């Protein structure tokens, strides 16, 4: 009997160790981009060979470093802002008298060039724009991403950079990870922007990790928790406390929250809870045919109406 129990215990211990080793590698790949020449994002599992599937299962998905592949069509200035990493930004000024400046923050795996269409429309609405590469992306330093945790400091430093330049009407615009970073920075750094526009922020880090397991048709427990533990440990933070839903309680400025009704990464319940927690004047706009994506690309007319109407309601001239 004791021998059988020892065997069972040894087997369970071995399984636990193997699961942690797998989680360690997956967490590292998820939070670190590869800058090596020729590295491509791991293909869809359906397209992988048996060996490729086994390698991906044990060692995680390769994420090439996001590269800015398009330049602005308007005259622009490249600015570098010192934060936890040296950040590369594009400052683009409107041709008219500016109503303020919108700082634009991309999502996970994104870069500032992926937000140029948003910037173009905001320029037409009369706002200067500052597009930011978070650490690990585009022209900024580093190779890591923390899904909005350390990026929140970068939001603060970009906000303070503009404030030091004399800009008093600063609007923060972020999508997904960028939205979560804005909410965290407002909660911890007590920023006072004129308004925020946030697209599809996730409720908590745990919820967004679980959503990715669901997309792969894999049970989230217990691997989601292990992935978060190792991802946070590797990058110097406690992932279980990353909670945009709680951060939203610190938002008392005008806020526009956007969400796609086909989003398979962020639920309506998460969105509703974040919206309910924001304390200032607020609006929620949903996009029936959009998922976790750029709503301007999918439904331009509605996006322009929602964002333009929100900005006009601020009565800033």
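The values are calculated or read from the model by the stated rules, or taken from the named source; none is laboratory data. Since this is a predicted model, take the numbers as computed values, not measurements. Cβ: placed from backbone, ideal geometry, glycine included. Neighbour counts: every protein chain shown.
When 231, 308 are checked against the criterion of being touching a residue at least 24 places away in the same chain (Cβ under 8 Å), under 30 Å from residue 21 (Cβ atoms) and not in a loop (DSSP other than H, G, I, E, B), 231 stands alone in meeting it.
Within segment 109-126, being surrounded by fewer than 24 Cβ atoms within 10 Å (Cβ to Cβ) and assigned to a loop (DSSP other than H, G, I, E, B) holds for 109, 110, 125, 126. If you go through segment 63-87 and keep only what is farther than 21 Å from residue 308 by Cβ and touching a strand residue (DSSP E or B) at 6+ places or on another chain (Cβ under 7 Å), you end up with 63, 64, 65, 76, 77, 78, 79, 80, 81, 86, 87. Over 21 Å from residue 32 (Cα atoms) and either in the same structural domain as residue 294 (by TED's automatic domain parsing) or buried (at least 17 other Cβ atoms within 10 Å of the Cβ) (or both) - does that describe any residue in segment 205-219? Looking through segment 205-219, none of the residues is over 21 Å from residue 32 (Cα atoms) and either in the same structural domain as residue 294 (by TED's automatic domain parsing) or buried (at least 17 other Cβ atoms within 10 Å of the Cβ) (or both).
Quick check, is residue 60 at pLDDT below 95, closer than 30 Å to residue 23 by Cβ and either crowded, with 17+ Cβ neighbours inside 10 Å or touching a strand residue (DSSP E or B) at 6+ places or on another chain (Cβ under 8 Å) (or both)? Considered against the rule, which asks whether it is at pLDDT below 95, closer than 30 Å to residue 23 by Cβ and either crowded, with 17+ Cβ neighbours inside 10 Å or touching a strand residue (DSSP E or B) at 6+ places or on another chain (Cβ under 8 Å) (or both), residue 60 comes out as yes.
Does segment 117-138 contain any residue that is over 17 Å from residue 86 (Cβ atoms) and under 15 Å from the mean Cα position of the chain (by Cα)? No, segment 117-138 contains no residue that is over 17 Å from residue 86 (Cβ atoms) and under 15 Å from the mean Cα position of the chain (by Cα). Within segment 237-262, the residues that satisfy the criterion of being closer than 22 Å to residue 212 by Cα and out of contact with any helix residue (DSSP H, G or I) (no Cβ under 7 Å at 6 or more places or on another chain) are 237, 241, 243, 246, 261, 262. When segment 238-284 is filtered for residues that are in contact (Cβ under 8 Å) with a residue 60 or more places away in the chain and in a helix (DSSP H, G or I), the ones remaining, listed by number, are 239, 244, 247, 248, 249, 250, 269, 270, 271, 273, 274.
Taking segment 127-151 as the search range and keeping residues that are in contact with a helix residue (DSSP H, G or I) (Cβ under 8 Å, 6 or more places away or on another chain) and under 14 Å from residue 236 (Cβ atoms), which one is surrounded by the most Cβ atoms within 10 Å (Cβ to Cβ)? Among those residues, the one meeting the criterion is 151.
Does segment 88-105 include one or more residues that are within 26 Å of residue 293 (Cα to Cα), in contact with a strand residue (DSSP E or B) (Cβ under 8 Å, 6 or more places away or on another chain) and modelled with pLDDT under 80? No, because not a single residue in segment 88-105 is within 26 Å of residue 293 (Cα to Cα), in contact with a strand residue (DSSP E or B) (Cβ under 8 Å, 6 or more places away or on another chain) and modelled with pLDDT under 80.
Within 28 Å of residue 27 (Cα to Cα), free of Cβ contacts under 8 Å to residues at least 60 places away in the same chain and in a loop (DSSP other than H, G, I, E, B): is that true of residue 142 in this structure? It is true that residue 142 is within 28 Å of residue 27 (Cα to Cα), free of Cβ contacts under 8 Å to residues at least 60 places away in the same chain and in a loop (DSSP other than H, G, I, E, B).
Among the residues of segment 168-190, count how many are buried (at least 18 other Cβ atoms within 10 Å of the Cβ) and under 19 Å from residue 122 (Cβ atoms).
Within segment 168-190, residues that are buried (at least 18 other Cβ atoms within 10 Å of the Cβ) and under 19 Å from residue 122 (Cβ atoms) number 12.
Working only within segment 243-254, note down all residues that are within 16 Å of the chain's Cα centre (by Cα) and under 10 Å from residue 203 (Cβ atoms). The answer is 243, 244, 245, 248. Residues of segment 148-172 being assigned to a helix (DSSP H, G or I) and either under 20 Å from residue 254 (Cβ atoms) or touching a residue at least 24 places away in the same chain (Cβ under 8 Å) (or both), which ones? Passing the criteria: 151, 152, 153, 154, 155, 156, 157, 158, 159, 161, 162, 163.
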